[in-house]
Amino acid sequence: MKNGSMVIKAACLVVCAVFLFSGCANSAKDGTGNTAEGVIELKLAHFFPPTHPAETQLVAGWAEAISQATNGRVKIVSYPGETLRKAADIYSGVRQGVSDIGLSCFSYNAGMFPVMEAFELPGIVYNSAKAASKAAWEGVKELNPKEVSDTKLLMIISTGPGDIFSKKPVKSLEDLKGLQIRATGVSAETLGYLGATPVGMPQSDAYEALQKGVVDGNLAPLEVLKAWNHADVTDYITKTPFLYNTLFYVTMNPDKWNSLPEDIKQAITETTERFFEETAAGLWDVQNEAALDWSVNEKGMEIFELSGEEFDRWIDKVAPVQEKYVNEKGELGKTALETAKRLAEKYNKE
């Protein structure tokens, strides 16, 4: 009887040990970022500050939607404010697996995304961020450019039209001449054709540059006046809806994407498309409208609209940028530009 009791106790100890070991294993990571409970953790790197709507509404909203669609099996962890990668290094960071997902601007890597440049060229008028976002996202699906094939592109969103914010009033080309204006990518080149002196830098450096007088103004969407506090260091807004459009990508490391179960891939794809339509595509419209109202009514900024004749002068000055783009990119550039113009017209009507 005594021996039988000892056997039962020993068996119980073995069972307890198995459960204990199993519990420890279930709380550990498996080396791929996945927990043994089946929760897949994805690191997302971006350059926006933690208080910016790109973090609080775009990233946080999308992450929550993905979590719900996968019943909590996917957890997206955000690293805002360049804490994981600098703005210009986010795409390469995704490729290399430094982060699983990245959000940044194509224009921060000049020359690396020739097809996407077509959607940022001056002389194309976008009525809204939503129109610009939908044109670019449909365009990339149509064109399937090789330049973005080394990552898994999840969505493209746009700022829509941008304007010049300056310390001095800009009502004409003569007023703009010689002013040092912060910009990136094709927008920087465009400013040169207009007689300004472009200064290339990411948005995250622009406030300090304006504050210290390193630059006289900024070419950007209206949202930066409030979200980046640029209304504190500029006094005037010159409306230029044909001059600026910046595209943001949300993209994923291809190996990480391929490692996901098929049902998870499907859930992410369907949820992302829905989130793009309902929230992401028009996010900058909401920000731009709120920032303009705040900047004028609370910060006292003054707005200038270019007159018809002056508008035409600016359009004529930037026309060579499109011509140069097609000459340099050849048939690829011609097709991309035609696509951008056609889709801009289509979605401006909507």
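Quick notes on this one:
- For the chain, the longest principal axis of the C-alpha atoms and the axis of helix 129-143 are separated by about 70°.
- Other-chain or far-sequence residues with amide H under 5 Å of residue 77's (modelled H): 42, 43, 44
- Helix 283-297 vs. the chain, principal-axis angle (Cα, 0 to 90°, nearest 10): 50 degrees
- Between helix 262-275 and the chain there is an angle of about 30 degrees, using the helix long axis and the longest principal axis of the Cα atoms.
- Relative contact order computed over region 74-224 (Cα-Cα under 8 Å; 6+ residues apart), in percent: 21 percent
- Taking θ as phi - 60° and the Karplus parameters 6.51, -1.76 and 1.60, the scalar couplings of region 98-114 work out to 4, 10, 7, 9, x, 10, 6, 9, 4, 5, 6, 10, 4, x, 7, 10, x Hz in sequence order, x denoting glycine and proline.
- Stretching the chain fully between residue 147 and residue 98 yields a gain of 15.7 nm (0.36 nm per residue, less the alpha carbon separation).
- Over region 132-221, relative contact order from alpha-carbon pairs under 8 Å, at least 6 apart, %: 31 percent
- Identified option (computed semi-axes √(5λ) of the Cα gyration tensor in Å; candidates [x] 48, 22, 17; [y] 38, 21, 18; [z] 33, 24, 18): [x]
- Peptides 156-168, 224-236, ordered by how many other C-beta atoms sit within 10 Å of their residues on average, highest first, read 156-168, 224-236.
- Relative packing of peptides 143-150, 214-221, 175-182 - highest average C-beta neighbours within 10 Å first: 214-221, 175-182, 143-150
- Cα-based shape type of region 231-350, given that a ≥ b ≥ c are square roots of the gyration tensor eigenvalues and the cut on a/c is 1.5: oblate
- For residue 167 and residue 229, the difference between the fully extended length at 0.36 nm per residue and the C-alpha to C-alpha distance is 20.9 nm.
- Pairwise centroid distance, computed over Cα atoms, of region 220-278 with region 292-350, Å: 19 Å
- Computed FRET value (nearest 0.05) for residue 68 with residue 345, which takes r as the C-beta separation and R₀ as 35 Å: 0.45
- Estimated FRET transfer efficiency when R0 is 51 angstrom, pair residue 263-residue 303 (beta carbons, to 0.05): 0.50
- Normalised by 2.2 N^0.38 Å, where N counts its residues, the alpha-carbon radius of gyration of region 90-129 equals 1.45.
- Over 19 Å between alpha carbons, listed pairs 134/341; 324/346; 226/317; 75/134; 146/346: 324/346; 226/317; 75/134; 146/346
None of the figures in this text is laboratory data; all of them are computed from the coordinates on show. All figures in this text were calculated on a predicted structure; none of them were measured in a lab. Glycine gets a Cβ as well: all are built from the backbone with ideal geometry, and neighbour counts include every protein chain shown.
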